[in-house]
Amino acid sequence: MEKHFENMELAEKQLTSENIFDGKLLHVYRDEILLPNGHKGAREYIKHLGAVAVVAMDKDGRIAVEHQFRYPFQKVLLEIPAGKLDYAGEDPLEAGKRELREETGITAHTWQYLGPFYPTVAYSTEVIHLYWAKGLTFGERELDEDESINFEMMDMEQVVDMILEGKVPDSKTQSAVLTVHTLMNR
């Protein structure tokens, strides 16, 4: 049973909302709010359609990982396959299947939902839906025109060790891989 920690006395009430930037991926808003103590404040945040991320595991306990250049950090990061939802209301499972196939060529027989992941709760509405995929079949990749990704299968324990050593700074990868690792070792 899902627990909710709702303390409505902490709720902030929106008074006004202004879209201050409307990009292809990000939509930035500035809201005037009423704080619980009666004072006014402001919140700037990003509206995002959401995304998916997949721990795709083969029968030998290896998982699909990608090496992808991330422009804001000017470096190549190790990540699990992931991608954004294409439109509001898109089924996250279908998006996960699409992204896994496009980026790695992998299709999976079994999918387990690991839950939502909120990567930046202070300033974004982005929700990343995390999945564990098993029963893998390998095929051809179908990368988008703007994607350059190297993909490989790595031993789960090696990826966990890299996370614990601080060598995998990507938060969705940390969360999903450590969740699967924990579920496997219960």
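Of all the numbered requirements in (1) without any contact (Cβ under 8 Å) to a residue 12 or more places away in the chain; (2) surrounded by 10 or more Cβ atoms within 10 Å (Cβ to Cβ), Y45 misses one, and that requirement is (1). The set of residues in segment 48-64 that are of a type in the set (A, V, I, L, M) and surrounded by fewer than 21 Cβ atoms within 10 Å (Cβ to Cβ) contains only L49. In summary, E140 fulfils each of the numbered conditions (1) acidic (D, E); (2) under 18 Å from D58 (Cβ atoms); (3) out of contact with any Asp or Glu (no Cβ under 7 Å at 6 or more places or on another chain); (4) not in a loop (DSSP other than H, G, I, E, B) with the single exception of condition (4). Condition check for E44 on (1) farther than 27 Å from F138 by Cβ; (2) in contact with a Gly (Cβ under 8 Å, 6 or more places away or on another chain): one failure, at (2).
If only residues of segment 152-186 that are under 18 Å from K59 (Cβ atoms) and not in a helix (DSSP H, G or I) are counted, the one that is modelled with the lowest pLDDT is N185.
The values are calculated or read from the model by the stated rules, or taken from the named source; none is laboratory data. As the structure is a computational prediction, the values presented were derived from the model and not from experiment. Virtual Cβ from ideal backbone geometry, glycine too; neighbours counted across all protein chains shown.
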